[in-house]
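No lab work stands behind these numbers, since they all come straight from the coordinates. Source: prediction; values computed, not measured. Cβ placement follows ideal geometry from the backbone for every residue including glycine, while neighbour counts extend to all protein chains displayed.
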Amino acid sequence: MRLILLGPPGSGKGTQANLIEDNNSIPQLSTGSMLRDAVEAQTETGIKAKSAMDAGKLVSDYVVIAIVSERIDKPDCANGFILDGFPRTLPQADALGAMLDEKELKLDCVVELQVDDDALVERISGRFTCSECGEGYHDKYKLPAVSGKCDRCDSKEFMRRADDNAKTLHTRLQAYYKETAPLVGYYYAKGLLRGVNGMGDMDGIAEEIQTVLDKI
C-alpha cells in the first residue's frame, strides 16, 4: 500500500502516519528524515543536498525526488510506504508520479485530513516531540504514558517547535493553501483522494483512516 497524507499544518498528519505505520507494517517517510539520512550516508544525492543546505539554499525538487526514489527502493518499502509532508506542490506531485511510473509502481490512496482552521491553534500550541525518535505528543490530546518519558524510545528529552504558535500558524496556513491545497483537486481528478474528518479524537480518526485503507 502506497499512500500520501494531505492536510494543513497541525492537522495531525505525523501522528496518524505513525499509527498507520504501526497498523499496516509500512514505513512512514518524511522528507526531513530522508534528507538527513542521505546526507549522513553521503550518497550522491545526499552530497548534493548538503551542498545546497550549506549554501543556505533550498534543496531542489530534483534532489528531493532522487532521495525519495532511493528510499523507496529499500527493502522495508517493498510492501508500501506513507509519504507525510510530500509532495507539497503540483510540480512535486508530477515528478513523484513520473518517478513511480518509471518504477512501475502506483499510489493506492491519498488521505486528506479535513480540519477547522480555527481549531488548529489549540493543536499547534500544545504540540511537542521526542528529541530522540521524533514521536509526537500534545499537552491535551496525547501525553506520554509515563510522565517525562517517551513511549517509543524511553528518552526523557523533548522539544517544541519555535514556530508552533498562532502568529506563525497563519503564515504557514497561507503557504499551505497557496502551494499545497491544489493537490486536493489534483488527486481527486485521479480518483485517489479520500477525505477523513480530522477534528475527532486521535483514535477515532485513526479508525476512520483504517476503514478507508481496508477498502483499497
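Considering only the other residues whose Cβ falls under 15 Å of the Cβ of Y177, what net charge follows from Lys and Arg at +1 and Asp and Glu at -1?
-2
Can you compute the modelled spin-label distance between D54 and K140, with each label point 7 Å from Cα toward Cβ, in nm?
Those two pseudo-labels are separated by 4.5 nm.
Taking GluC sites (Glu not before Pro) as exposed when DSSP calls them loop (any state but H, G, I, E, B) and at most 13 other Cβ atoms lie within 10 Å, what is the longest stretch of the chain free of them, the sites themselves excluded?
No qualifying site falls inside 1-103, the longest such stretch.
Rounded if a/c is under 1.5, else prolate if a/b is larger than b/c, else oblate: which is region 100-166, with a ≥ b ≥ c the root eigenvalues of its Cα gyration tensor?
oblate
Run through region 138-216 and list the chymotrypsin sites (Phe, Trp or Tyr not before Pro) located in a DSSP loop whose Cβ has at most 13 other Cβ atoms within 10 Å.
The qualifying sites: there are none.
State, as an integer percentage, the relative contact order of the chain based on alpha-carbon contacts under 8 Å between residues 6 or more apart.
In percent, rounded to a whole number, it is 28.
When DSSP assigns beta bridges and you keep just the ones with both residues in region 1-140, what percent turn out antiparallel, to the nearest 5?
Taking every DSSP beta bridge within region 1-140, about 25 percent pair in antiparallel fashion.
Going through region 51-127, which trypsin sites (Lys or Arg not before Pro) have at most 15 other Cβ atoms within 10 Å and a DSSP loop state?
Sites meeting the loop and neighbour criteria: K57, K103, K106.
Could you give the C-alpha radius of gyration of region 5-45 expressed as a fraction of 2.2 N^0.38 Å, taking N as the number of residues it contains?
For region 5-45, the normalised Cα radius of gyration is 1.40.
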